[in-house]
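Peer 1: Let me begin by handing over the structure; questions about it come next.
The values are calculated or read from the model by the stated rules, or taken from the named source; none is laboratory data. The structure displayed is predicted, hence computed values, not measured ones. Note that each Cβ is placed from the backbone with ideal geometry, even for glycine, and that neighbours are counted across all protein chains shown.
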Amino acid sequence: MQIIEIITVRVMETQREPLLNFLESRIDAFQFPETLKALECHAHVVMSSDISIHLIWKIFPGKYGRSDLCLLFEDGLKEFGLVDCNTWVRQFRLAKPSEPEGVFKTEVKPWKKNI
């Protein structure tokens, strides 16, 4: 079971670059918790005011739907704008494996009734 915490920051236009600089300045010093699989930063395609940080966990260390790392991010990002945090549990994943162009396989197997 994979859990993703999404921290979205809505900034005023003048705070966008300072926010990105703040995040980039912390990358070198960032210590990955053992159970954190990845940390990603995304910018909204249309709304340049929205920046999203995704914490992708192997094993979720949080209580009550938030990890300590999410709470730290949330607290540090409030100076840049409105912060919203959500925690999601992956229900399924469909991925295109490394196959020749045009070939598509899934991990879904046909259901067979056991008699």
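Peer 1: Among the numbered criteria (1) of a type in the set (A, V, I, L, M); (2) under 22 Å from K63 (Cα atoms); (3) at pLDDT 90 or above, which single criterion is violated by M1?
Peer 2: In the conditions (1) of a type in the set (A, V, I, L, M); (2) under 22 Å from K63 (Cα atoms); (3) at pLDDT 90 or above, M1 misses (3) alone.
Peer 1: Kindly evaluate R90 against the criterion of being closer than 14 Å to I3 by Cα, at pLDDT 85 or above and exposed (fewer than 11 other Cβ atoms within 10 Å of the Cβ).
Peer 2: yes
Peer 1: Anything in segment 18-42 that is at pLDDT 90 or above and farther than 19 Å from L71 by Cα? List them, or say none.
Peer 2: Residue satisfying the conditions is P18 alone.
Peer 1: I'd like to know if segment 68-75 contains one or more residues that are at pLDDT 85 or above, within 30 Å of I7 (Cα to Cα) and assigned to a loop (DSSP other than H, G, I, E, B).
Peer 2: no
Peer 1: Here is a further query. Tell me which residues, restricted to segment 1-30, are without any contact (Cβ under 8 Å) to a residue 60 or more places away in the chain, among the charged types (D, E, K, R) and surrounded by 15 or more Cβ atoms within 10 Å (Cβ to Cβ).
Peer 2: R16
Peer 1: Go through F80, F73, F30 for me and flag whichever is among the aromatic types (F, W, Y) and out of contact with any strand residue (DSSP E or B) (no Cβ under 6 Å at 6 or more places or on another chain). I'd like the intermediate steps shown before the answer.
Peer 2: Values: F80 fails: out of contact with any strand residue (DSSP E or B) (no Cβ under 6 Å at 6 or more places or on another chain); F73 fails: out of contact with any strand residue (DSSP E or B) (no Cβ under 6 Å at 6 or more places or on another chain).
After applying the criteria, what remains is F30.
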